[in-house]
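Undergrad: Structure in structure tokens, see below.
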Amino acid sequence: MTRKSTKKKEPICNDVNCPIHGTLSTRGIVLEGVVTSDKMDGTVIVQRNYRIKVKKYNRYKSAKSRIPAHNPPCINAKTGDKVRIMECRKLSKTVSFVVIEKI
């Protein structure tokens with residue numbers, strides 16, 4: 001009787017800019033957010049919601065920021081996924097973060 005492997009096959013990642021399988025080094029800021037757009041090839045838009053204190057009124061207001069991040073093929077984050085992104089070197093004019101994991 002042979003036993004079948006129950007391990008999921010990890011997608012092949014030939015991306016040089018992958019922090020796990022490639023040579024891209026990460027450093028600095030680690031952020032969490034939700035993917036709001038995955039329409040670009042290899043890039044996602046991650047939205048962070050946070051609160052800012054308004055000194056004058058002693059209250060808080062909500063704010064958001066939309067950060068473009070590189071999406072390696074082995075992670076392949078889709079719209080609605082909660083992800084963790086980390087700072088890296090500039091990969092293009094706007095992209096200087098990379099998705100390191102889905103949460």
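Undergrad: Among the residues of the stretch 68-84, which ones are surrounded by fewer than 19 Cβ atoms within 10 Å (Cβ to Cβ) and either free of Cβ contacts under 8 Å to residues at least 24 places away in the same chain or over 19 Å from Asn14 (Cβ atoms) (or both)?
TA: Selection gives Lys78, Thr79, Gly80, Asp81, Lys82, Arg84.
Undergrad: Let me ask something additional. What are the residues in the stretch 39-92 that are part of a strand (DSSP E or B), among the hydrophobic types (A, V, I, L, M, F, W, C) and under 24 Å from Gly22 (Cα atoms), if any?
TA: If the condition is that a residue be part of a strand (DSSP E or B), among the hydrophobic types (A, V, I, L, M, F, W, C) and under 24 Å from Gly22 (Cα atoms), then Val44, Ile45, Val46, Ile67, Ala69, Val83, Ile85, Met86, Cys88 are the ones that fit.
Undergrad: Here's something else I'd like to know. Yes or no: Asn58 at positive phi and either at pLDDT 95 or above or in contact with a helix residue (DSSP H, G or I) (Cβ under 9 Å, 6 or more places away or on another chain) (or both)?
TA: Yes, satisfied.
Undergrad: Those residues that are modelled with pLDDT under 85 and surrounded by 10 or more Cβ atoms within 10 Å (Cβ to Cβ), I need them from the stretch 1-36; list them, please.
TA: Of everything in the stretch 1-36, those that are modelled with pLDDT under 85 and surrounded by 10 or more Cβ atoms within 10 Å (Cβ to Cβ) turn out to be Pro11, Cys13.
Undergrad: Filter the stretch 85-103 for residues that are surrounded by fewer than 17 Cβ atoms within 10 Å (Cβ to Cβ) and under 9 Å from the mean Cα position of the chain (by Cα); which is farthest from Ser37 (Cα to Cα)?
TA: Glu101
The values are calculated or read from the model by the stated rules, or taken from the named source; none is laboratory data. If you're wondering where the values come from, they're calculated on a predicted model, not measured in any experiment. Reconstructed Cβ throughout: ideal geometry from the backbone, glycine too, with neighbour counts over all protein chains shown.
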